[in-house]
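The values are calculated or read from the model by the stated rules, or taken from the named source; none is laboratory data. These numbers were taken from a predicted model, which means no experiment stands behind them. Here the Cβ positions follow ideal geometry from the backbone for every residue, glycine too, while neighbour counts run over all protein chains shown.
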Amino acid sequence: MSNYPILSLLIFIPLIGALFIFVIRGEDEIVKRNARQVALWTSCVVFALSLLLWKNFDITTANFQFVEHQEWMPKFNIAYHIGVDGISILFVLLTTLLIPVCILASWDAIQERVKEYMIAFLVLETMMIGMFVALDIIVFYIFFEAVLLPMFLIIGVWGGKRRVYAAFKLFLYTLLGSVLMLVAILVMYFEAGTSNIPVLLSHNFPASMQTWLWLAFFASFAVKVPMWPVHTWLPDAHVEAPTAGSVILAGVLLKFGGYGFLRFSLPMFPLATADFTILIYTLSVIAVIYTSLVALAQEDMKKLIAYSSVAHMGFVTIGTFTLTVQGIEGAIYQMLSHGIVSAALFLIVGVVYDRIHSREIAQYGGLVHKMPAYSLIFMVFMLASVGLPGTGGFVGELLILVGAFKANSLLAALAATGVILSAVYMLYLYRRIIFGKLSKDHLLKIKDLNSREIMVFAPLIILIFWMGIYPSSFLEILHVSVNNLIDRVESAQAASAALVAGR
C-alpha cells in the first residue's frame, strides 16, 4: 500500500464529491436528494479508504508512513509533503468516521441550500484530513487555517438566530492566535532553512528562541483546544451551529490544539515546554473545575455539553504535558473518546430539537415514557461521558490520572475533582430530561428514534464500548510514536541540563 497515493486520495476525493454536487442541476427536490446521496457515498468511500490505511499501518515503527513528497515551491524548499504516524492516523480515522455521521444527521434537518451545505462538509473533510497528514509546516498552516472557511459558513448560514455573531467570534478568536503562529513558522523557516516537519523535529532551536516560538504556537493551539480563559467562543459556536456543525466542531476541530501540542510544542520546543508546564497545569485545572461548575448552572442543553467539552479537554492538556507514556497516551485516547461521545451527545440534543425546536432543559421531562430507545442511547453516552468502566471515557481518564499522579500527586487530586463534577452535571441533565412525569402538552405526541437515527448512533455505540473493552487495539498503534516523542523531549532536556551543569 505504501506505493499508492492513499493519503492524497483521502484528501482529494471529498473535493471531487463536492465538484459533483456543484454541477448537479434539475428540480429542487431532485437536487437535494442527489446532493445528499453524493455526499454520503463520497464520505463512505473516504472512510473505507481510511480503514484500509489503518489495516496496512505498521505499528512497530515511529517513522512516518505512506509518505508522499512532491516539489511545490522548490526555490523556497516548500513541498507537498504528507504522511502519518501512530498519532495522526487515529485522528484521520476519527475525521472520516464523523463526516458520514454528520451527513446522515443532516438528512432531514437541513432543507435550505442543501447543495451548498453538503459541499461545505466535503470541503471541510478535505481540510481536516490535510491538516492531520501534513509533513510540511507551510502546508499544515494552509490546511489549519482553511478549515475556518467552511466552518464559518456552516455556522453563519445554517445556524441559529445569533449565527453571524457566533461565526465571527469563532473566526476572530482563531485568526488572532494563528497570526502569531504564522510569524513563528516564518522564524522557524529562516532559522532551519526548511519547512519540512521531520527535519524541524530534529533541529535544535536556541533556548531563548524556543520560549517565543512556544508562546506563539500556544496562542493558536490554546484557542483551538480551547483552554481557559480563551474558551468563550465555544459555547456560542455550539449553541448557534446546526447539529452536524456542533458534532464536527466538538468531535474533530477541538482536537486541533491537542494535536498541535503533540506535533510541534513538545518535540520542537522541549526546553520551553519544561518552563511552561506549570502554566499549562494551572490553566487546565481551572478549566476542569470552573467549566464543570458553569456546566452545572446551564439551562440550555447545548451549552451544558459545550462547557463539559472544555472540562474534558482540560484533562487532555494535563495528560499531554505530564510527559509520561500513560499521560500522553491517555490524552490521545481521551481526545478520540471525547470526539465520539461529544458528537453523540450533540446528536442526542439534535434529535429532540428537530421535534420540539427547543434546547431548554425546562421544556423536557418524562421522555422515557414516549422515547424508550432514545432514553437508552442517551444513557449510554451520558455514562460514557462520565467515564463509566467499560466505555472509552474511562480508559482515557484513568491513564491521564495515572500520568498526572506520576508528575504531581496534587495535580492528580485536583484533576480527579473533574470526574466527580462531570458525573454531577451529566446525571442532573439526564434526570431532568428523561425521568419524571410526562406533563407537558407538547411532549405527548413526540416520536421515538426512527431507523435513520438509530443507524447514526449504532456505530458510535459500538465504538465507545470497543474502546472501553479492548483499548489495546488503539493503544498499540500509539505506543511506539509516543515513546519516540517522550525520548526526543527528555533527551533535549537532559542535554540542556548537562550543558548548564558543565558551565
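Determine if the stretch 102-114 includes at least one residue that is in a loop (DSSP other than H, G, I, E, B) and at positive phi. Please lay out each step first, then the result.
First, the residues of the stretch 102-114 that are in a loop (DSSP other than H, G, I, E, B): 106-113.
From what's left, at positive phi: 113.
Checked the stretch 102-114: at least one residue is in a loop (DSSP other than H, G, I, E, B) and at positive phi.
Close Cβ contacts (under 8 Å, 6 or more residues apart or on different chains) running from residues in the stretch 58-76 that are under 22 Å from Leu10 (Cα atoms) and assigned to a strand (DSSP E or B) to residues that are at pLDDT 85 or above and among the aromatic types (Phe, Trp, Tyr) comprise Gln65/Phe57; Glu68/Tyr80; His69/Tyr80; Gln70/Tyr80; Glu71/Tyr80; Trp72/Tyr80.
Answer yes or no: is there a residue in the stretch 42-61 that is at pLDDT below 85 and farther than 30 Å from Met455 by Cβ. Within the stretch 42-61 (the criterion being at pLDDT below 85 and farther than 30 Å from Met455 by Cβ), the answer is no, since none of the residues qualifies. Residues of the stretch 381-412 that are in a helix (DSSP H, G or I), within 16 Å of Leu345 (Cα to Cα) and in contact with a Ser or Thr (Cβ under 8 Å, 6 or more places away or on another chain): Leu383, Ala384, Ser385, Val386, Gly392, Gly393.
Determine, yes or no, whether Gly177 is within 23 Å of Leu200 (Cβ to Cβ) and modelled with pLDDT under 90.
So Gly177 fits the description; yes.
Residues that are farther than 29 Å from Leu345 by Cβ, without any contact (Cβ under 8 Å) to a residue 24 or more places away in the chain and surrounded by fewer than 19 Cβ atoms within 10 Å (Cβ to Cβ) occur in the stretch 467-490; there is at least one.
How many residues, within the stretch 396-442, are among the charged types (D, E, K, R), out of contact with any helix residue (DSSP H, G or I) (no Cβ under 8 Å at 6 or more places or on another chain) and within 17 Å of Thr277 (Cβ to Cβ)? Give the steps one after another, and end with the answer.
Initially, the stretch 396-442 is screened for residues among the charged types (D, E, K, R), giving 397, 406, 431-432, 437, 440-441.
Now restrict to residues that are out of contact with any helix residue (DSSP H, G or I) (no Cβ under 8 Å at 6 or more places or on another chain): 431, 437, 441.
Retained after the next criterion (residues that are within 17 Å of Thr277 (Cβ to Cβ)): none.
Of the residues in that region, 0 qualify.
Residues in the stretch 201-220 that are closer than 24 Å to Ala79 by Cα and modelled with pLDDT under 90: Leu201, Ser202, His203, Asn204, Phe205, Ser220.
Going residue by residue through the stretch 15-27, is there one that turns out to be over 28 Å from Ser342 (Cβ atoms), aliphatic (A, V, I, L, M) and in contact with a Phe, Trp or Tyr (Cβ under 9 Å, 6 or more places away or on another chain)? Explain how you work it out, then say what you get.
Initial filter on the stretch 15-27 (over 28 Å from Ser342 (Cβ atoms)): 16, 19-20, 22-27.
Okay, now just the ones that are also aliphatic (A, V, I, L, M), so 16, 19, 23-24.
Filter once more, keeping what is in contact with a Phe, Trp or Tyr (Cβ under 9 Å, 6 or more places away or on another chain): none.
The answer is no, given that none of the residues of the stretch 15-27 is over 28 Å from Ser342 (Cβ atoms), aliphatic (A, V, I, L, M) and in contact with a Phe, Trp or Tyr (Cβ under 9 Å, 6 or more places away or on another chain).
Quick one: would you say Ile328 is buried (at least 23 other Cβ atoms within 10 Å of the Cβ), closer than 30 Å to Asp487 by Cα and either without any contact (Cβ under 8 Å) to a residue 12 or more places away in the chain or within 18 Å of the chain's Cα centre (by Cα) (or both)? Yes. Of these, Gly83, Gly17, which one is at pLDDT 90 or above, outside any helix (DSSP H, G or I) and under 25 Å from the mean Cα position of the chain (by Cα)? The unique qualifying residue is Gly83. State whether the residues of the stretch 474-497 include one that is more than 30 Å from Ile361 (Cβ to Cβ) and not in a helix (DSSP H, G or I). Within the stretch 474-497 (the criterion being more than 30 Å from Ile361 (Cβ to Cβ) and not in a helix (DSSP H, G or I)), the answer is no, since none of the residues qualifies.
Results for (1) surrounded by 22 or more Cβ atoms within 10 Å (Cβ to Cβ); (2) β-branched (Val, Ile, Thr), shown as yes or no for each residue.
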residue: Pro5; (1), (2): no, no
residue: Leu10; (1), (2): yes, no
residue: Pro14; (1), (2): yes, no
residue: Val23; (1), (2): no, yes
residue: Ala39; (1), (2): yes, no
residue: Thr42; (1), (2): yes, yes
residue: Leu49; (1), (2): no, no
residue: Lys75; (1), (2): no, no
residue: Tyr80; (1), (2): no, no
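Does Val239 satisfy the condition of being assigned to a helix (DSSP H, G or I) and under 19 Å from Ile348 (Cβ atoms)? Yes; evaluated as a whole, the condition is true for this residue. If the condition is being more than 22 Å from Arg263 (Cα to Cα) and part of a loop (DSSP other than H, G, I, E, B), then the stretch 44-57 contributes only Asn56.
Could we say that Lys437 is modelled with pLDDT under 90, surrounded by fewer than 18 Cβ atoms within 10 Å (Cβ to Cβ) and outside any helix (DSSP H, G or I) here? Yes, satisfied.
Over 30 Å from Tyr307 (Cα atoms) and either small (Gly, Ala, Ser) or out of contact with any strand residue (DSSP E or B) (no Cβ under 7 Å at 6 or more places or on another chain) (or both), is that true of Leu186? Steps first, please.
Numbers: over 30 Å from Tyr307 (Cα atoms): yes; either small (Gly, Ala, Ser) or out of contact with any strand residue (DSSP E or B) (no Cβ under 7 Å at 6 or more places or on another chain) (or both): yes.
Yes.
Checked against (1) touching a Cys at 6+ places or on another chain (Cβ under 8 Å); (2) farther than 26 Å from Ser342 by Cα, Ala244 passes all but condition (2). Restrict the check to the stretch 296-308 and report whether at least one residue is of a type in the set (Gly, Ala, Ser) and free of Cβ contacts under 8 Å to residues at least 60 places away in the same chain. Checking the stretch 296-308: at least one residue is of a type in the set (Gly, Ala, Ser) and free of Cβ contacts under 8 Å to residues at least 60 places away in the same chain.
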